[in-house]
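A.B. asks: The structure follows.
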């Protein structure tokens, strides 16, 4: 207050309460990948982190999913690939040749599992040339997309679903970049990683995907990341979204249909009305529809697709195989949704495990109790969380460890994420006292502010202890956390000790017989 020079009454207001610590958001993932487009009313959103809260907003800014294209091929006698369908004693393969992008499907899976606000970093658009049969997902673009998140303070998770589309070497390089970003640069977020080749069994002839993943990842910043195995079979893509137009070699499809229905290319004198109708239907697969466009052609194509399904069991199997391949997704996006759901219902300190996955039919590999042992506890410490199917319960997340599984400090992902929440919340609140006098008044104010915040967390179950004094302690002051030299150098040191609640991962029940008493 200024000097009082004029006679009168002067009002002086004093703050009765200290500043409070506001709990920061804990479940805001950032997704990096390819989209159909990236614009906001004509303004490009390419390579720019952008916050959305729903799938409808994603559609507004980034469009819809890719147009997957599949190629029908005869299966070689020496091939170990899984047969898509059989016809007249010949086995056929169905391989996706274009439209290999996962971000859109991963976003659907994220919101199905309780996802909320998130950031999208679009690093490129879909390849427009359907004849391209090479993977257009580039490791450099994904790594640069991760680096773009440096200036964003809100994201708490980093998910890059399309790393599994890269080669094994490129995939590990992008994941290492995510680890360096989360643990080395920012230290306020975690990476949720997907195991490359995680849709296959560990005994697959191509090699053990878990051992390969562990070997390629390195040992840096493992406490800021978690991984899940295996991939999951989902219900994201429906049969109605697929048709004969998703086949890149329609003439081969026509030949197979003619073989199955025992028809020629054109009707003859012996052709029945039904055969004539079927021949016309098959020929329409490669029709240009007289150059027409619009809703009328769309309705004709839908009718043709329904007719093919009704007439040909082989075509139905073809559509089913397409759907199953597209619905095979890595689980990181679903886990980001689970983290969000658990944070909102129980709190960030609750381990995101023993929770069922939505829009998931089953894991691609059934893991037994004994098989999970090497995933959960290993000499290298790189714990991989299992996704398991239980009779009568569905598909459950059955693990809550970080990749630093041998660390007593950072073994559990909920411990790491709770510490990130506490550190960020207290850091942002304490910024208000930068350049304040380094005196006892400031120390007491900061101490009471932090204690009030931690007391609230303890009451909600985030800290372990029968009383607040058992759950945490806050120390600040000359001779306690600072020396006289620290004060001369302008340093104010606060020491906070917290007892974070940890999950009961192993429950042991002891039974023993006793003597009969009556």
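The values are calculated or read from the model by the stated rules, or taken from the named source; none is laboratory data. Keep in mind it's a predicted model, so treat the numbers as computed, not measured. Counting neighbours? That spans all protein chains shown, and the Cβs are built from the backbone with ideal geometry, glycine included.
A.B. asks: For residue 475, are the conditions met, namely being surrounded by fewer than 16 Cβ atoms within 10 Å (Cβ to Cβ), modelled with pLDDT under 95 and not assigned by TED's automatic domain parsing to the domain that holds residue 351? Write out each step before concluding.
C.D. replies: Details: surrounded by fewer than 16 Cβ atoms within 10 Å (Cβ to Cβ): yes; modelled with pLDDT under 95: no; not assigned by TED's automatic domain parsing to the domain that holds residue 351: yes.
So residue 475 does not fit the description; no.
A.B. asks: Among the residues that make up the range 15-30, is at least one of them more than 30 Å from residue 442 (Cβ to Cβ), in a loop (DSSP other than H, G, I, E, B) and under 29 Å from the mean Cα position of the chain (by Cα)?
C.D. replies: Going through the range 15-30, the residues more than 30 Å from residue 442 (Cβ to Cβ) turn out to be 27-30.
Those still in the list that are in a loop (DSSP other than H, G, I, E, B) too: 27-28.
Checking the rest, the ones that are also under 29 Å from the mean Cα position of the chain (by Cα) come to 27-28.
Yes, the range 15-30 contains at least one residue that is more than 30 Å from residue 442 (Cβ to Cβ), in a loop (DSSP other than H, G, I, E, B) and under 29 Å from the mean Cα position of the chain (by Cα).
A.B. asks: Just to be sure, is residue 98 touching a residue at least 12 places away in the same chain (Cβ under 8 Å), crowded, with 20+ Cβ neighbours inside 10 Å, more than 28 Å from residue 352 (Cβ to Cβ) and more than 27 Å from the chain's Cα centre (by Cα)? Give the steps one after another, and end with the answer.
C.D. replies: Values: touching a residue at least 12 places away in the same chain (Cβ under 8 Å): yes; crowded, with 20+ Cβ neighbours inside 10 Å: yes; more than 28 Å from residue 352 (Cβ to Cβ): yes; more than 27 Å from the chain's Cα centre (by Cα): no.
No: the conditions fail for residue 98.
A.B. asks: Out of 90, 112, which single residue is without any contact (Cβ under 8 Å) to a residue 40 or more places away in the chain and either closer than 13 Å to residue 159 by Cβ or surrounded by fewer than 22 Cβ atoms within 10 Å (Cβ to Cβ) (or both)?
C.D. replies: On the way: 112 fails: without any contact (Cβ under 8 Å) to a residue 40 or more places away in the chain.
Unique residue meeting the criteria: 90.
A.B. asks: Here are the criteria: (1) within 19 Å of residue 319 (Cα to Cα); (2) within 22 Å of the chain's Cα centre (by Cα); (3) surrounded by fewer than 19 Cβ atoms within 10 Å (Cβ to Cβ). Tell me which single one residue 239 does not satisfy.
C.D. replies: Condition (2) is where residue 239 drops out.
A.B. asks: Quick check on the range 285-334: of everything there that is in contact with a strand residue (DSSP E or B) (Cβ under 8 Å, 6 or more places away or on another chain) and part of a loop (DSSP other than H, G, I, E, B), which residue is surrounded by the fewest Cβ atoms within 10 Å (Cβ to Cβ)?
C.D. replies: Filtering the range 285-334 for residues that are in contact with a strand residue (DSSP E or B) (Cβ under 8 Å, 6 or more places away or on another chain) and part of a loop (DSSP other than H, G, I, E, B), the one surrounded by the fewest Cβ atoms within 10 Å (Cβ to Cβ) comes out as 327.
A.B. asks: Among the residues of the range 200-212, is there at least one that is surrounded by 20 or more Cβ atoms within 10 Å (Cβ to Cβ) and out of contact with any helix residue (DSSP H, G or I) (no Cβ under 8 Å at 6 or more places or on another chain)? Break it down into steps so the answer makes sense when it comes.
C.D. replies: Initially, the range 200-212 is screened for residues surrounded by 20 or more Cβ atoms within 10 Å (Cβ to Cβ), giving 209-210.
Those still in the list that are out of contact with any helix residue (DSSP H, G or I) (no Cβ under 8 Å at 6 or more places or on another chain) too: 209.
Yes, because at least one residue in the range 200-212 is surrounded by 20 or more Cβ atoms within 10 Å (Cβ to Cβ) and out of contact with any helix residue (DSSP H, G or I) (no Cβ under 8 Å at 6 or more places or on another chain).
A.B. asks: I've got another one for you. Return the pairs, sorted by first residue and then second, in which the second residue is outside any loop (DSSP other than H, G, I, E, B), the first residue lies in the range 502-514 and is outside the structural domain of residue 351 (by TED's automatic domain parsing), the beta carbons are less than 7 Å apart, and the residues are 6+ apart or on different chains.
C.D. replies: Pairs that qualify, where the first residue is outside the structural domain of residue 351 (by TED's automatic domain parsing) and the partner is outside any loop (DSSP other than H, G, I, E, B), are 502/412; 502/415; 503/412; 503/414.
A.B. asks: Kindly evaluate residue 428 against the criterion of being under 35 Å from the mean Cα position of the chain (by Cα) and surrounded by fewer than 21 Cβ atoms within 10 Å (Cβ to Cβ).
C.D. replies: In short, yes.
A.B. asks: With the structure loaded, tell me whether residue 27 is under 30 Å from residue 428 (Cβ atoms) and out of contact with any strand residue (DSSP E or B) (no Cβ under 7 Å at 6 or more places or on another chain) or whether it fails that test. Talk me through it step by step, then tell me what you get.
C.D. replies: On the way: under 30 Å from residue 428 (Cβ atoms): yes; out of contact with any strand residue (DSSP E or B) (no Cβ under 7 Å at 6 or more places or on another chain): yes.
It is true that residue 27 is under 30 Å from residue 428 (Cβ atoms) and out of contact with any strand residue (DSSP E or B) (no Cβ under 7 Å at 6 or more places or on another chain).
A.B. asks: If a residue has to be touching a residue at least 40 places away in the same chain (Cβ under 8 Å) and in a helix (DSSP H, G or I) to count, how many in the range 425-442 make the cut? So that I can check it myself, show each step before the final result.
C.D. replies: First pass over the range 425-442, keeping only residues touching a residue at least 40 places away in the same chain (Cβ under 8 Å): 425-426, 428-430, 432-433, 438, 442.
Right, trim to in a helix (DSSP H, G or I) and you get 425-426, 428-430, 432-433, 442.
Here the count works out to 8.
Results for (1) part of a strand (DSSP E or B); (2) in contact with a helix residue (DSSP H, G or I) (Cβ under 8 Å, 6 or more places away or on another chain), shown as yes or no for each residue.
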| residue | (1), (2) |
| --- | --- |
| 226 | yes, yes |
| 240 | no, no |
| 254 | no, yes |
| 259 | no, no |
| 264 | no, yes |
| 283 | no, yes |
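A.B. asks: So, one more: Can you tell me how many residues in the range 441-454 are out of contact with any strand residue (DSSP E or B) (no Cβ under 8 Å at 6 or more places or on another chain) and under 24 Å from residue 498 (Cβ atoms)?
C.D. replies: Residues that pass the stated criteria total 7.
A.B. asks: Now, a different point. Is it true that some residue in the range 462-480 is part of a strand (DSSP E or B) and over 29 Å from residue 436 (Cα atoms)?
C.D. replies: Going through the range 462-480, the residues part of a strand (DSSP E or B) turn out to be 463, 472-476, 478.
In the following step, the residues that additionally are over 29 Å from residue 436 (Cα atoms) were identified as 463.
The answer is yes, given that some residue of the range 462-480 is part of a strand (DSSP E or B) and over 29 Å from residue 436 (Cα atoms).
A.B. asks: Assuming residue 372 fulfils every condition listed in (1) modelled with pLDDT under 95; (2) under 21 Å from residue 165 (Cβ atoms) apart from one, which condition is it?
C.D. replies: (2)
A.B. asks: Let me ask you something else. (1) over 23 Å from residue 392 (Cβ atoms); (2) touching a residue at least 60 places away in the same chain (Cβ under 8 Å): which one isn't true of residue 360, the others all being true?
C.D. replies: Status for residue 360: all satisfied but (1).
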